[in-house]
Amino acid sequence: MRMNRPRNHIRRAAQASATILAVALMLVSAETSIAQVTVPVDADNDGFSPPADCNDTDRRIRPDATDVPGNGIDEDCSGADAPLDADRDGFSPPADCNDGEPAIKPSASEVPGNGVDEDCDGADGPVDKDADGYAPPADCNDGNAAIKPGAADAPGNGVDEDCSLGDAALPAPPQAAAAGPPPLEVLSPFPVVRLRGTVGRAGAVIQLLAIRAPQGARVQVRCKGRDCWRRTQSLRARSSRSLRFTRYHRYLRAGTVLEVFVSKPGTIGKYVRFTIRKGKPPARRDSCVVATSRTPSRCPTG
């Protein structure tokens, strides 16, 4: 019996060593698993982490930064530096559709019917067939010179002479009681909102968002969705030319909503809502806005 004691002692020591070795292997395996989990870190505290942030050591380089053309640096992480303005007209491709001709650029005046797209909106300007100073789509009847934006609209005759999307309403009969404040006037000429692009399976590529509004009107575009790098943009109409919101000329996936508000104090303005859909043109809903309100309302009848 005394000779068996050393063997038992050796056996217990071997079992303890095996247990310690198994625990060590489990700890090494756990550390290896933890080391394999990589959590993205925003090292430069610019609000973006790799891979979206292509340089996480410089906070000036991030997806929403402005790219300086031709400096060899991809500030907005788009995959390439912004192109130079070769013709020095203030615009670079792809916004400038001809970077070798300074007279062709997004802000140029379009000469209708000459076969040249001077303002880079994707097509030559339409011809003014009735020579009334307006071309479609602003002129809702290009075969009658008396029908055009700004023309006097005869109330109740069933003809939309001023192309305001409706015949002028007949004046209301006088009321016996004291009248309240005068009704608000509708913006004239009534704003025209255009959206053009290419429909895809999961969304759409917006190629043109243009709004024609009367002088002095304020135009605001709101974007709701994950693809909206800029949520709102506002411009003031300084002339009768269309305002182009090029910041939204991009790919927008289904579910993205674009809202357009055209307003002016003391008037009834226009509201349009576009909802991007899968494999279909965007759904459009037209309404009105009262004065500078940002809540759509029903348009007046007539």
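What the table shows:
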{"item": "Checking residue 207 against (1) touching a residue at least 12 places away in the same chain (Cβ under 8 Å); (2) outside any strand (DSSP E or B); (3) over 24 Å from residue 133 (Cβ atoms), the condition it does not meet", "result": "(2)"}
{"item": "Neighbours by Cβ (under 7 Å, 6+ apart or cross-chain): first from region 67-86, assigned by TED's automatic domain parsing to the domain that holds residue 49; second exposed (fewer than 13 other Cβ atoms within 10 Å of the Cβ) and of a type in the set (Lys, Arg)", "result": "75/60"}
{"item": "Matching residues, region 74-97, being polar (S, T, N, Q) and surrounded by fewer than 18 Cβ atoms within 10 Å (Cβ to Cβ)", "result": "78"}
{"item": "Candidates 194, 250, 212, 241 - the one that is closer than 22 Å to residue 118 by Cα and crowded, with 20+ Cβ neighbours inside 10 Å", "result": "212"}
{"item": "Extreme residue, farthest from residue 185 (Cα to Cα), among residues of region 247-286 that are among the polar types (S, T, N, Q) and not in a loop (DSSP other than H, G, I, E, B)", "result": "275"}
{"item": "Condition check for residue 294: in a strand (DSSP E or B), surrounded by fewer than 12 Cβ atoms within 10 Å (Cβ to Cβ) and within 20 Å of the chain's Cα centre (by Cα)", "result": "no"}
{"item": "Some residue of region 223-242 being within 17 Å of residue 194 (Cα to Cα), assigned to a loop (DSSP other than H, G, I, E, B) and modelled with pLDDT of 95 or more", "result": "no"}
{"item": "Single condition residue 120 does not satisfy, out of (1) exposed (fewer than 13 other Cβ atoms within 10 Å of the Cβ); (2) closer than 20 Å to residue 209 by Cβ", "result": "(1)"}
{"item": "Test result for residue 175, modelled with pLDDT under 95, surrounded by fewer than 21 Cβ atoms within 10 Å (Cβ to Cβ) and assigned to a strand (DSSP E or B)", "result": "no"}
{"item": "Residues being crowded, with 18+ Cβ neighbours inside 10 Å and either polar (S, T, N, Q) or not in a loop (DSSP other than H, G, I, E, B) (or both) - total across region 142-172", "result": "1"}
{"item": "Subset of region 246-277 [aliphatic (A, V, I, L, M) and farther than 18 Å from residue 198 by Cα]", "result": "260, 262, 268, 272"}
{"item": "Number of positions in region 60-97 that are within 15 Å of residue 47 (Cα to Cα) and of a type in the set (A, V, I, L, M)", "result": "2"}
{"item": "Check on residue 98, closer than 27 Å to residue 208 by Cα, not assigned by TED's automatic domain parsing to the domain that holds residue 265 and not aromatic (Phe, Trp, Tyr)", "result": "yes"}
{"item": "Among (1) over 26 Å from residue 169 (Cα atoms); (2) modelled with pLDDT of 90 or more; (3) surrounded by fewer than 16 Cβ atoms within 10 Å (Cβ to Cβ), the one test that residue 259 misses", "result": "(3)"}
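Condition check ((1) hydrophobic (A, V, I, L, M, F, W, C); (2) more than 20 Å from the chain's Cα centre (by Cα); (3) closer than 22 Å to residue 262 by Cα) across all residues:
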{"position": "163", "(1), (2), (3)": "yes, yes, yes"}
{"position": "168", "(1), (2), (3)": "yes, yes, yes"}
{"position": "184", "(1), (2), (3)": "yes, yes, yes"}
{"position": "202", "(1), (2), (3)": "yes, no, no"}
{"position": "212", "(1), (2), (3)": "no, no, yes"}
{"position": "218", "(1), (2), (3)": "no, no, yes"}
{"position": "237", "(1), (2), (3)": "yes, no, yes"}
{"position": "242", "(1), (2), (3)": "no, no, yes"}
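This table checks each residue for (1) of a type in the set (A, V, I, L, M); (2) closer than 18 Å to residue 296 by Cβ.
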position	(1), (2)
233	no, no
241	no, no
252	yes, no
282	no, yes
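The values are calculated or read from the model by the stated rules, or taken from the named source; none is laboratory data. Everything quoted here is computed from the prediction, not taken from an experiment. Cβ atoms come from the backbone with ideal geometry, glycine included; neighbour counts cover every protein chain shown.
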